[in-house]
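Shown next, in structure tokens, is the structure this report addresses.
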Amino acid sequence: MRFHSLSPHNLIAEAMRRTQLLFTTICQSMAIVVSSLFTVGSTTSAAGSRDRKPTIEPLESRLALSALGVTETAYTPTGGLDGKIVYIHGGHGYTDDGSGWGFQRPEEVSIGGGTVIDSEMIEDLGNQDQMTLFANYLFNAGATVVPLRPIGNQPNEAVLDNDDAGVSFIGTWTDSNSSVYYGDAGDVPYRYAYTSEFETSVARYQPDLPESGYYPIYTWVVASTNRATDQLYRIHYSGGEAEVTVDHSRVGSGLVYLGTYYFEAGSSGHVEISNQSSEQGKVVVADMIRFGNGMGDIDRGNGVSGRSREDEAGLYWVEWHVERSQGIPESAYRASSSDRSASVSLAPRYAAYMNNEDVGTLSDRVFVSFHTNAGGGSARGVIGLYNGNNSASSETPNQYQLALSLASEINDDLVSLDGEFEHDWYDRGRSVTLDRSDIEFGEINNNYIDDEFDATIVETGYHDNELDIELLRDPNVRDAIARATYQGLVEYFRTVDGNSTSATVLPAAVDGVWATSDEAGSVTVHWNAAEVSQALGDAATGYRVYASSNGYGFDGGVYVSGGNTLDYTFTGLDPKQTYYFQVVAENEGGASPGSQVVAAKPLAAEERVLIVNGFDRLGRSQNPIQDSPYTDSVQRVRPQESNSGDYLVTVASAIQQSASTLAIDSTSNEAVISGQVDLTDYDAVIWMSGEESSADDTFNQTEQNLVSQYIAGGGNFFASGSEIAWDLDWLNNGRDFFENVLRASYAADNANTYVASGVAGGLLDGLDLSFDDGSEFYDVDYPDVLTTSSGSTLIATYSTGGGAGTYAAGSRGSGDVVVLGFPIESVMSASDRTEAIRRILAAFGLSTVADQQFEESLDNSSANPEFTSSGSWSTVRSSQAVNATFQSAAAEPSNAATWQFDLDAYGQAELLVRWVTTSTSTTQAVYTIDTGFGPQIFYANQSIQSGQWVSLGSFPIAAGLHEVTLTATSTESGKTLSADSVKLVVSGATTSLADFNDNGTVGLGDYTVWRDQLGSIVVRGDVADANGNTIIDIEDYEIWKSQIGMVIAPPASVASPVVSGTQAGDEEQAVVDIAEDSDSQQTPVAPLSANAAPEAPVPSLAVSTNASKSTNSSSQPAAAWASIAGVKSRRLFSASTQAGDSEQDVASTRSAAVRLEVLDAVYSTLATKRDSIELVLESDSGKQIEAEHATVDSPLASPWRIENQLTSAMKRFSM
């Protein structure tokens, strides 16, 4: 398998590619050659590239794509196993052999001496877990992975055949007449297209997924010698697009793995098969795509298993697909009527059937299966199996070498890790292979394989030895076995292919990752070098830094060359968006597993929050629990469900939603310990300990010292975790720190509940804080019970009665502290989790303004120009339409429906559409929207999801007019289009404002900024980019012209003021009229450009501000403040105005130096027709440092006169 990134293109180039494809399709019937009309770079394979640096680094060119933040095109790593096919299997599985369902191996085992114990594991399940971990390493090394049992854990499924709703074709595809295909008898067999240097034909498989999550993707294609060796699959998931190529001249007629990706619920994701290829005159085949694994549904007369297909024997996985295919004999996968017996030889039989031995050689393919052993309770360690003792024909050509290479590598690598695990690995020396004298192993019998590939079984350990049992339940051990098996496979291939396989093995995962932002639109990601050792891998020659807007689906990444380069700075990011990052080490062998996820919001705000991921623990006690037919439960080794390393996403997203004016950085706790990250740089620290416990140190001595100094210096600290009190207080690993610094105390180790709530009248009053039992994040099975200490108060309790959280207000200059006895990220209610974080940050005195979101909908009854149509459309009544009617037209490009939106804000938009399905609905509708950054094109299957809002995707959008157009990709005889409704949901919405010089008013100084920057490409919303399209253009001038004279609040980068003692509940909206006099119309001081309009008068404008109820009593001064959507912050500076008996106390920015723009906005809004302004600088504690009166003229003539007067006043004030 070869992997590669798309050719050099940004969003616009991608739209051109889609447009070219669409145009090609429309024009093919007229024999129009269109390839010369567009210049689009061809796709270049990264296979064979050994310097690890692709020709294009998708994230490097940031300015033109600054509004996007991250690219949508994914890069999938290549490696030393490029061109190798690896058939994999996990032995046994849940089986019905006629008398009912059951596992082939027990959970309770005899460990010798008549002692029987509950091993808490079942070999049948552990084998599938081990196979999944192995598949990840193979995929990262570039191999084509062919699983004979499902990979991963995804019980949802969507299987799309060519005649299913959700499948569409563009370009020229021909129906096959083959007798072998996936589908029902009588169906049209698979479809094929001839290869092309440029993409001219695409098959799209677009599922409707029931839940968001990680889905393994598989393809089913019949193998043949005329197939392209690089059939291109384009997987569109939540982070962008990955491209994977498969050589179907060598493998097919069964499922081939395309990787695991994060998909949102619904139909926004899809997989495409493209005819673009480096080989001409070949064909690509479209037959079936599978998403997820599903639940077992085979019934042998005793009902279905009730378990996921992953738990069932591989026999049922293969059988399910064969029964839904045509032309595949039963003998291809089974030779016995007994399911248990048939499962023994299933894997080699069907692997041989899928394998096309006519193309390639034995040295480019192999079969590996995983089992665990039994030996009476005393035997330990790894064994590699081979055949031949009883029958020479049962041994594959190099079977002993394969068994020896894999088992030796596992033994030696794990022995080298002594001291890293709960028990040391048993060293078998060279006694690591076995050929039994009494039998030949059926699963690797060459009589089924016929010399087509080598095969072995790896017995990873002994499931009847207590030490091995505990090791085999440890995810770190299982991962080490998977890596060692991969490394042994590299050695095997080098032996059989004359060392043509690279000896380099992929690097270890990086750690110590942190992300910081020191200026608007810029984030620097740092990491530690990947560790190098026999067991962990070879040195990295570079790193790839991936970015994401949701923390789960990542983009194509940017390659950072050099093993000693340990940071990368992203520029041109949207300052208002939170970004997530992950780092992967790369070398010639492939790509390492991903690092922990970190987050940053490049806002450059004065108030900064640091999120610390202190949850590194990963061990068998955290394993997810599954129902067992033998005992109450059994453990599964699924690291993603124990510690996925991405939990700070929930915390960062909560801050984004509830405190959008705060800058966010994040780090591993290791970077804090090393001093690379300084806590004192931040106003608040959120420390996530998860289930970190005594073995891993919730807070080691260095961390305790640093946190103590931080809090004593006024820093605000929020810690959550289920083992902090147990470790620090009960075990006395930091009792003084816990009780006197964190100001909480240990009461009990386990609350015996997953239900918690806020205390009435307390900080978290009314919130449901119930946390995870393993159904969503991870099982928080031992939440600490807390009591108060050193003056703290309870803010949360468990349903069983104990304390769940404490709050301690700062005193004598120290900061506030909040402690929860359970992880904040595990709170199940997303809204309550977000609100809890908001309240805690507000208690810390930080600004908490919600991320703004709005939506706008238009339907087919909207008036012109909001809805228009061209061509021939008719009105149809339907109860499924938004307003009981929709528009219908023949599915042809000449018919188009258009909805026009006028947005006065920019942000991240999601496009949702509705249609009404009829018997003639098209499967090839196309929606196009001009986003302000170029067109976005989406394809929709209108034969499904009738009357539902269907999300087509999200994208950045500029302010202004936008048209959404619906048409058809090509003329479809007898098919129709449905035009009902369209909706835009804009998140992180920023109103278009023309205060380009940030002085709080829109005046001629802002025009000068626009003029000087005209034509520049900038960070989104920066400088004079009023409409947020990253280009300083005439549209920004038009916005300035429409707003001239407007008085607005300070920008988000300046903390908005709060009046001491004023409660939010006392606020009301006040309207202040800005006075206008004879000087309000002035000649511009700078010459206007050719595009500029004539000079504009300053209008009388009503400006809304937050203000308290007024009073005329000087002893009860009226309080008011300028703000942005209610933003408040702690006061450092205040300005008072005096006029007769009326006084207004106005708090300003939290800065030692008075900001002119804040005074301008405050004075012009609140001090109209006053005689003087008194400036008073105060410290945090309220102590007055100095004061001076500065007189300004009255009445106020215009905003720019105020600016001049205040500038003079500030000079006298010397600040």
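The values are calculated or read from the model by the stated rules, or taken from the named source; none is laboratory data. What you see is a predicted model; the values in this text were computed from it and never measured. Every residue, glycine among them, receives a Cβ derived from its backbone with ideal geometry; neighbour counts consider all protein chains shown.
In table form, for the structure just shown:
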read-out: Scan of segment 515-544 for residues that are under 17 Å from L603 (Cα atoms) and assigned to a strand (DSSP E or B), ordered by number; value: A515, T516, S517, D518, E519, S522, V523, T524, V525
read-out: Candidates F886, F955 - the one that is hydrophobic (A, V, I, L, M, F, W, C) and either surrounded by fewer than 20 Cβ atoms within 10 Å (Cβ to Cβ) or within 29 Å of the chain's Cα centre (by Cα) (or both); value: F955
read-out: Check on D339, over 30 Å from G294 (Cβ atoms) and charged (D, E, K, R); value: no
read-out: Residue in segment 353-367 that is surrounded by the most Cβ atoms within 10 Å (Cβ to Cβ), counting only those that are among the aliphatic types (A, V, I, L, M) and over 11 Å from D451 (Cα atoms); value: M354
read-out: Test: L961 is in contact with a Leu (Cβ under 7 Å, 6 or more places away or on another chain) and either in a helix (DSSP H, G or I) or in contact (Cβ under 8 Å) with a residue 24 or more places away in the chain (or both); value: no
read-out: Qualifying residue in segment 206-227 (condition: out of contact with any Leu (no Cβ under 8 Å at 6 or more places or on another chain), under 19 Å from V146 (Cβ atoms) and among the polar types (S, T, N, Q)); value: yes
read-out: Every residue from segment 562-597 that is of a type in the set (A, V, I, L, M, F, W, C) and not in a loop (DSSP other than H, G, I, E, B); value: F570, F581, V583, V584, A585, A591
read-out: Selection status of G381, touching a helix residue (DSSP H, G or I) at 6+ places or on another chain (Cβ under 9 Å), surrounded by 24 or more Cβ atoms within 10 Å (Cβ to Cβ), within 30 Å of E108 (Cα to Cα) and not polar (S, T, N, Q); value: yes
read-out: Residue check for R324: over 28 Å from P629 (Cα atoms) and either over 32 Å from the mean Cα position of the chain (by Cα) or of a type in the set (G, A, S) (or both); value: yes
read-out: Every pair of residues 6+ apart whose Cβ atoms lie under 7 Å, when the first sits in segment 735-749 and is among the small types (G, A, S) while the second is in a helix (DSSP H, G or I); value: A744/A725; A744/F738; S745/D729; S745/E739
read-out: Residue count for segment 262-273, restricted to those that are part of a strand (DSSP E or B) and either farther than 30 Å from Q936 by Cα or out of contact with any Phe, Trp or Tyr (no Cβ under 8 Å at 6 or more places or on another chain) (or both); value: 1
read-out: Segment 153-175, subset in a loop (DSSP other than H, G, I, E, B) and without any contact (Cβ under 8 Å) to a residue 40 or more places away in the chain, residue surrounded by the fewest Cβ atoms within 10 Å (Cβ to Cβ); value: D163
read-out: Sole residue being under 30 Å from S408 (Cα atoms), among the small types (G, A, S) and not assigned by TED's automatic domain parsing to the domain that holds G815, chosen from A540, A520; value: A540
read-out: Matching residues in segment 962-1000 - criterion: being surrounded by fewer than 22 Cβ atoms within 10 Å (Cβ to Cβ) and aromatic (F, W, Y); value: none
read-out: Residues within segment 789-834 that are of a type in the set (V, I, T) and either assigned to a loop (DSSP other than H, G, I, E, B) or not assigned by TED's automatic domain parsing to the domain that holds D646 (or both), tallied; value: 1
read-out: Selection from segment 264-299 of residues that are farther than 13 Å from Q206 by Cβ and polar (S, T, N, Q); value: S274, N275, Q276, S277, S278, Q280, N293
read-out: Search result, residues across segment 527-543 that are under 19 Å from D646 (Cβ atoms) and either surrounded by 21 or more Cβ atoms within 10 Å (Cβ to Cβ) or among the charged types (D, E, K, R) (or both); value: W527, Y543
read-out: Residue within segment 619-628 that is under 21 Å from the mean Cα position of the chain (by Cα) and in a strand (DSSP E or B) present; value: no
read-out: Qualifying strands (runs of 3 or more DSSP E) (wholly inside segment 281-373; at least 3 residues being at pLDDT 95 or above and either out of contact with any strand residue (DSSP E or B) (no Cβ under 7 Å at 6 or more places or on another chain) or closer than 28 Å to T433 by Cα (or both)); value: 365-373
read-out: Selected residue [in a strand (DSSP E or B), in contact with a helix residue (DSSP H, G or I) (Cβ under 9 Å, 6 or more places away or on another chain) and farther than 23 Å from V477 by Cβ] from A600, A547; value: A600
read-out: Residue match in segment 885-897 (condition: of a type in the set (D, E, K, R), outside the structural domain of I1039 (by TED's automatic domain parsing) and in a loop (DSSP other than H, G, I, E, B)); value: yes
read-out: Residue that is crowded, with 24+ Cβ neighbours inside 10 Å and under 21 Å from the mean Cα position of the chain (by Cα), where the choices are V284, V271, V318, V256; value: V271
read-out: Segment 889-914, residues that are crowded, with 18+ Cβ neighbours inside 10 Å and in contact with a Pro (Cβ under 9 Å, 6 or more places away or on another chain); value: T898, Y906, G907, Q908, A909
read-out: Matching entry among G1003, G1015, G1028, G1021 (being outside the structural domain of A958 (by TED's automatic domain parsing), buried (at least 21 other Cβ atoms within 10 Å of the Cβ) and more than 24 Å from K601 (Cα to Cα)); value: G1003
read-out: Residue match in segment 759-771 (condition: of a type outside the set (S, T, Y) and under 19 Å from E692 (Cβ atoms)); value: yes
read-out: Which listed residue, of T931, T922, is modelled with pLDDT under 95 and closer than 14 Å to K975 by Cα; value: T922
